[in-house]
Amino acid sequence: MSKANKGIHCFLFSYNLSNELENCIRSIESSRLPLTIIDDGSRDEQTRLVLREAKKTYEVIERRDLVKEEAAPDKRTGGLYAGMNVAMQLAIERDLEYVLFIQDDMQLVRSLSTRDVNLFDKYFAEHDSIVLQSCFLKSAFRKHDDTRMQMANCKTCYMRREIGPGRFHFSAAGVFNVKAFSARYKEFEVGERNNETKSKGIGLSMGFYRFPFMTWLPYPRGRDINNKSFGNQVIARFGSAGFHRIEMMSDTSIERLFANDPKDLPFSEDYLTSRTAPRSDVWSPESGIMNMICRGGWRKIVGMVLNYLGVGVR
């Protein structure tokens with residue numbers, strides 16, 4: 001077993017997104033990483049089918065096996081952060097070095113290599129941190145990140161100055177150092193904002209990997225969209241919300257990434273391709289109104305008006 005596999009175990013968090021889940025699993029297969037899927041009580045039959053197939057090859061843990069169904073019969077049984085705590089407890093028990101946390105509406109875009117693992121080692125040796133955010137940056141926030149991202153002295157990551165929107169100390173997706181988590185963090189809180197606050201209070205930093213290997217799917221459709229209001233469905237339609245798979249990076253693209261000038265930040269749209277996304281230059285990172293805003297033109301105007309009015313449809 002290569003060094004890239006020996007110390008890294010992938011945990012995939014799932015809930016009611018069948019196409020996205022299957023796509024994410026396939027992207028992970030290319031790296032031949034050990035995989036555990038933690039499902040948060042999906043009720044969608046297509047998602048259940050994907051999970052049944054996955055059980056033939058991978059470890060699948062269903063939250064409803066861990067939480068009494070009668071406690072929340074019509075709701076997700078634990079939530080992302082409860083699933084993350086289950087995953088981290090397993091990682092501690094199995095004496096893993098690193099875990100990769102990824103969600104079903106994301107995917108890997110290239111295989112991990114020994115080169116990556118060596119850089120993970122260097123990052124965690126030089127930073128008081130539990131997580132290395134490993135996703136490509138989003139062009140929707142390019143204007144902010146062009147002015148606030150700075151290359152760290154270790155040359156493995158960028159550090160984000162605390163200016164404008166975004167996360168600076170914590171991310172739910174990326175490579176986590178299991179021993180650092182056990183010693184410094186103990187348990188995830190509910191919600192990314194609460195974990196951001198906790199991480200900042202403890203004094204933890206978070207780097208953004210210089211050579212990312214995963215990303216969010218563009219123009220996402222959101223969960224249970226068919227069960228949402230008519231207004232939500234209209235916004236989803238005009239925002240081109242859907243399942244937009246990203247092509248795996250070619251060898252040439254990967255080498256270009258590793259040869260990049262540190263001043264050239266790794267934005268998704270500069271390196272990755274989706275054949276079905278409505279735009280190639282700007283990808284929406286969120287469902288709902290953000291899809292319309294990122295589409296541009298009249299959709300952007302309508303989306304900004306709805307956002308200003310506080311409609312907040314997702």
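The values are calculated or read from the model by the stated rules, or taken from the named source; none is laboratory data. The structure presented is a predicted model; accordingly, all values stated were derived computationally and were not measured. Don't worry about glycine lacking a Cβ; one is built from the backbone with ideal geometry, like all the others, and counts go over all protein chains shown. Ligands, DNA and RNA are stripped out before the accessible areas are found, and what is left, the full protein with its side chains, is counted by its heavy atoms. Shrake-Rupley method; radii C 1.70, N 1.55, O 1.52, S 1.80 Å.
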Filtered residue count, the stretch 33-46, keeping only those that are among the charged types (D, E, K, R), within 19 Å of the chain's Cα centre (by Cα) and either within 15 Å of Ala91 (Cβ to Cβ) or assigned to a loop (DSSP other than H, G, I, E, B) (or both): 1
Unmet requirement for Leu137, which otherwise passes all of (1) farther than 20 Å from Met214 by Cβ; (2) surrounded by 15 or more Cβ atoms within 10 Å (Cβ to Cβ); (3) touching a helix residue (DSSP H, G or I) at 6+ places or on another chain (Cβ under 7 Å): (1)
Residue in the stretch 277-284 that is touching a strand residue (DSSP E or B) at 6+ places or on another chain (Cβ under 7 Å) and at pLDDT below 95 present: no
Residues that are β-branched (Val, Ile, Thr) and more than 20 Å from Phe136 (Cβ to Cβ), drawn from the stretch 230-273: Val234, Ile235
Unique residue being at pLDDT 90 or above, in contact with a strand residue (DSSP E or B) (Cβ under 7 Å, 6 or more places away or on another chain) and of a type in the set (Asp, Glu) when the list is Glu53, Glu20, Glu45, Glu59: Glu59
Filtered residue count, the stretch 101-132, keeping only those that are in a helix (DSSP H, G or I), open to solvent by 10 Å² or more (accessible area, probe 1.4 Å) and touching a Phe, Trp or Tyr at 6+ places or on another chain (Cβ under 8 Å): 2
Those residues of the stretch 268-298 which are of a type in the set (Val, Ile, Thr), over 23 Å from Arg210 (Cα atoms) and part of a loop (DSSP other than H, G, I, E, B), in sequence order: Thr276
Count - residues of the stretch 133-169 that are touching a strand residue (DSSP E or B) at 6+ places or on another chain (Cβ under 8 Å), assigned to a helix (DSSP H, G or I) and not charged (D, E, K, R): 1
Scope the stretch 168-197; condition open to solvent by 10 Å² or more (accessible area, probe 1.4 Å), within 17 Å of His127 (Cα to Cα) and touching a residue at least 24 places away in the same chain (Cβ under 8 Å); matching residues: Phe168, His169, Asn177, Lys179, Ala180, Ser182, Arg184, Glu196
Selection within the stretch 211-263 - among the hydroxyl-bearing types (Ser, Thr, Tyr), buried (at least 19 other Cβ atoms within 10 Å of the Cβ) and farther than 30 Å from Asn153 by Cβ: Tyr219, Ser240
Test: Arg64 is at pLDDT below 90, outside any helix (DSSP H, G or I) and open to solvent by 80 Å² or more (accessible area, probe 1.4 Å): no
